[in-house]
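Below is one structure; the comments refer to it alone.
The values are calculated or read from the model by the stated rules, or taken from the named source; none is laboratory data. Remember, it's a predicted structure, so these values are computed and weren't measured experimentally. With ideal geometry, Cβ positions are generated from the backbone for all residues, glycine too; neighbour counts draw on all protein chains shown.
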Amino acid sequence: MNDPNYSKVSFENILDSKILVVDDDESNARLLEYLLLRNGYRTVRWTTDPREALKIYQEFSPDLILLDLEMPHMDGIEVMEKLQEIERETYPSIVVITANNNDEVKIRSLASGAMDFLAKPFNGVEMIARIKNILNVRHLHKRVNDDNKVLDQKIRERTRELSDSRLEVVQRLSRAAECRDNETGMHVIRMSRYSYLLAQAMGLSINQCELLQHASPMHDIGKIGIPDSILLKAGKLDATEWEVMKSHTKIGGQILSGSGSKLLQMAESIAYTHHEKWDGSGYPRGLKGEDIPIEGRIVAICDVFDALTSGRPYKKAWSVEKAVQELKDNSGINFDPFLVNIFIEILPQILKVKECYTDQQTMERSNGSGVAQLSCS
């Protein structure tokens with residue numbers, strides 16, 4: 001803090017502090033109240049029953065407690081221990097007032113939360129000076145805490161803005177790839193939501209599920225590098241053309257490689273592996289079984305299901321029943337059989353997403369920038 005006034009608290013603020021006196025001797029309690037009020041402190045409460053101190057504390061929220069140690073029913077040490085149980089964040093400043101100068105008592109008091117000691121009989125001038133100093137520190141501490149909360153809020157807001165911007169870029173890149181392949185923006189939204197639900201159902205963490213949802217739309221980003229003559233060819237691809245088409249997995253992985261972002265690292269993995277097959281007959285590396293990363297296995301099922309059940313200019317949409325049967329027929333061949341079973345179990349949730357994000361709703365669910373929103377009421 002470069003402001004020279006930052007380490008200062010106005011005297012008026014100090015005098016506005018709330019002070020609680022806990023002393024079983026009423027004459028001592030009244031004397032302390034009198035001295036405090038005479039020196040300008042405006043808000044002072046006292047009690048002679050330490051059992052009432054906790055209740056008063058919760059109602060009053062004092063900045064400072066003047067606490068006697070030797071009291072019936074509950075001594076000062078017990079009071080401080082109880083206070084620590086109910087207050088963790090804004091534990092009050094406590095000054096112990098005692099006639100006992102035993103070192104062991106002082107150590108126990110400090111360990112229990114005391115900041116300072118006043119010996120009985122106390123000197124009024126000394127007491128007021130110590131209280132002023134302690135309250136100055138108290139208010140500075142509160143100021144720092146308040147500033148930290150404001151800073152934390154600003155950091156959270158900035159982080160959210162950066163995250164939103166990053167996700168918008170991801171969606172735009174994903175849509176760019178889909179548009180080259182005659183797909184719709186809703187395809188990547190649907191399959192990303194399917195991927196989230198499947199990951200959640202199989203027990204991945206919320207963080208992993210969210211990463212998967214946001215990374216999966218980039219699975220076909222490598223199609224940007226495929227020539228139109230192949231990507232948009234109406235007829236069947238020949239062997240040479242098919243090899244070029246399959247290279248979109250490597251191109252996508254290369255586009256996304258080298259990032260320190262966990263999101264792009266997962267997107268890279270998905271781009272490389274979403275065409276690998278459970279039996280090892282997939283591409284580009286011929287990975288088999290659990291050697292295929294879990295994110296690639298999840299996206300493979302979700303991408304195929306949505307592609308099968310979506311209509312395109314060159315094909316009609318399959319029925320849900322037929323698409324599910326296709327998944328079953330290829331369970332253990334193309335797809336992880338464990339994941340296929342889970343996908344079928346959560347099919348009602350999958351179909352709810354499918355109904356929510358139809359291709360006709362692409363522009364209706366746009367946020368004004370052409371990017372579909374990942375929410376549905």
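Here are the numbers:
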item	result
Total residues in region 284-297, condition in contact with a His (Cβ under 9 Å, 6 or more places away or on another chain) and either part of a helix (DSSP H, G or I) or at positive phi (or both)	3
Filter result (of a type in the set (S, T, N, Q) and at pLDDT 85 or above) within region 124-152	Asn133, Asn136
Residue pairs meeting the criteria (Cβ under 6 Å; at least 6 apart or on separate chains; first without any contact (Cβ under 8 Å) to a residue 60 or more places away in the chain and more than 22 Å from Thr90 (Cα to Cα), in region 149-160; second in a helix (DSSP H, G or I) and aliphatic (A, V, I, L, M))	none
Residue list for region 314-330, filter: in contact (Cβ under 8 Å) with a residue 40 or more places away in the chain and of a type in the set (Gly, Ala, Ser)	none
Answer from Gly311, Gly280, Gly286 - the residue that is exposed (fewer than 15 other Cβ atoms within 10 Å of the Cβ), modelled with pLDDT under 95 and within 25 Å of Ile226 (Cβ to Cβ)	Gly311
Test: residue in region 294-308 that is over 34 Å from the mean Cα position of the chain (by Cα), surrounded by fewer than 19 Cβ atoms within 10 Å (Cβ to Cβ), within 24 Å of Ile346 (Cβ to Cβ) and free of Cβ contacts under 8 Å to residues at least 60 places away in the same chain	yes
Candidate set: region 44-94, residues that are touching a residue at least 40 places away in the same chain (Cβ under 8 Å), assigned to a helix (DSSP H, G or I) and not aromatic (Phe, Trp, Tyr); chosen: the one farthest from Ala29 (Cα to Cα)	Val79
Among (1) among the charged types (D, E, K, R); (2) loosely packed, with under 14 Cβ neighbours inside 10 Å; (3) more than 21 Å from Ala215 (Cα to Cα) - the single one Asp291 does not satisfy	(3)
Residue within region 20-40 that is under 20 Å from Lys142 (Cβ atoms), touching a Pro at 6+ places or on another chain (Cβ under 7 Å) and buried (at least 17 other Cβ atoms within 10 Å of the Cβ) present	yes
Long-range neighbours under 8 Å by Cβ, at least six apart or interchain, first residue closer than 13 Å to Lys18 by Cβ within region 28-43, second charged (D, E, K, R) and not in a loop (DSSP other than H, G, I, E, B)	Thr43/Lys18
